[in-house]
Amino acid sequence: MTTRVLAPGKLFLVGEYAVLEGFPAVVMAVDRYARVRRSPISSRSAPLIASARSAAARALGIEPDGNGYEADSAAFFDGRKKLGLGSSAAVTVASVASVFFKAGRDVEAAATRREMWGVAKAVHDGFQKAKGSGADLAASLFGGFVVFDPTGPDRPAITRWDFPAETSLVFVWTGRSASTSDALDAVGGLKEKEPTAYRRIVEEMGAVARRLVSRNAAPTAGVIGSFREYAQLMDDLGRRAGVPIVTTAIEKVIHMARELGGAAKPSGAGGGDFVVAAFADADAAHRFRAAVVDAGFRVFELHPAVRGVHVVDVSADEEARDG
């Protein structure tokens, strides 16, 4: 038997942009996985994997493994289009966890995951050449629905969140890969040129996120209301910053969700990638799926990845079959 380390992707439910200013975010780990294993054909690892594994070894005070490792992140793409599910974060987490696991650490223990978050955060920021919130890494590490609060205890506070089971979520692919860096650059320009306007919008975003996560078990109505408010604030932010966070296509999906009693919003930086919609009525969610497909969009079947980063054993036959 050989081992592979699996780390799930993520989708933001609420808290985009505001989390960078210290407000909480709710992130869902999704069942699309990056898989890291020792390479059977190469003694060299890709730069991100090598950086993550070296940083993990330094954190543990051990010698780096000289073997080559590879990652399979095909689940984060549709053909050549990147889906925006946090592929680089998942690869970083899986790479760090591969070293912790080999060192005898339990990668599913909460304390170990906290430790790995710090290592992965430094590596991922360096790879992206930008300081992110780390919420995507937290979702990949812990799994399920995660509240990521940058100013909470332990800085950040990373806790599981009880998503209302009766709420139906629908994930709509816009058909366009978005550039997170372009959106962040534009919003950063607004922060510099119009700090008052920027702060007002971000504080309103933060207030929406805080109201939602302050409930131990948020009702469906709270989720739908939060999605509606947050979508409008993301649109306001984009218009002030001169970047299409809520594009014409996303606006159309939002309108269709609202007509059926639900709510939809961009997941992540906006401008493309996924729109996430919430409904209290499963029948309304079904009709929404049909409507957006008829309108030319795609609906992806995504589910919470409850387990977070973990290790699986693979038989020799499976290893050979996968190359």
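For the stretch 220-323, GluC sites (Glu not before Pro) are listed when DSSP marks them as loop and at most 10 other Cβ atoms sit within 10 Å of their Cβ; the list is 301. Given R₀ = 30 Å, FRET efficiency for residue 3-residue 211 by Cβ-Cβ distance, to 0.05? Step by step, r from the Cβ atoms, then E = 0.10. Close amide H partners of residue 14, meaning residues 5 or more places away or on another chain with modelled amide H under 5 Å apart, are 26.
Each of 54, 181 was scored by other Cβ atoms within 10 Å of its Cβ. Arranged with the fewest first, they read 181, 54. Centre-to-centre separation between the Cα atoms of the stretch 61-120 and those of the stretch 279-307: 30 Å. Quick one: go through the stretch 232-247 and flag any residue whose amide nitrogen is under 19 Å from the point 7 Å out along the Cα-to-Cβ line of residue 295. Zone members listed by number: 232-236, 244-247.
Taking only the alpha carbons of the stretch 144-188, we obtain Rg and Dmax values of 15.6, 39 Å in that order. Cβ-to-Cβ counts within 10 Å put 169, 233 in ascending order as 169, 233, the fewest first. Students often get this wrong, so try it: which of (1) 21.7, 84; (2) 20.3, 64; (3) 19.6, 61 is Rg and Dmax of the Cα atoms in Å as calculated from the structure shown? From the options (1) 21.7, 84; (2) 20.3, 64; (3) 19.6, 61, the structure gives (3). Estimated at 0.36 nm per residue, the fully extended path between residue 110 and residue 166 surpasses their Cα-Cα distance by 17.4 nm.
Relative to the longest principal axis of the Cα atoms of the chain, the long axis of helix 220-241 makes an angle of roughly 90 degrees.
Between the helical axis of 282-294 and the dominant principal axis of the chain, each derived from Cα atoms, what acute angle in degrees is found, rounded to the nearest 10? Rounded to the nearest ten degrees, it is 90.
Computed per residue of the chain from DSSP H runs no shorter than four, each worth -39500 (n - 2.57), the mean residue ellipticity at 222 nm is -14500 deg cm²/dmol. For the chain, the longest principal axis of the Cα atoms and the long axis of helix 248-259 meet at an angle of about 70 degrees. Computed extension gain for residue 46 through residue 303, at 0.36 nm per residue and net of the alpha carbon distance, reaches 89.6 nm. Label positions at residue 125 and residue 194, each projected 7 Å from the Cα along the C-beta direction, are separated by 2.9 nm. On full extension, the segment bounded by residue 312 and residue 63 gains 87.3 nm, given 0.36 nm per residue less the C-alpha separation. Which of the trypsin sites (Lys or Arg not before Pro) across the stretch 42-135 are loop residues per DSSP, with 16 or fewer other Cβ within 10 Å? Sites meeting the loop and neighbour criteria: 44, 80, 129, 131.
Read-outs: derived from the displayed coordinates by stated rules, not from any lab. Here the structure is a predicted model, which means the values were calculated and not measured. All Cβ positions, glycine included, derive from the backbone under ideal geometry; neighbour counts span all protein chains shown.
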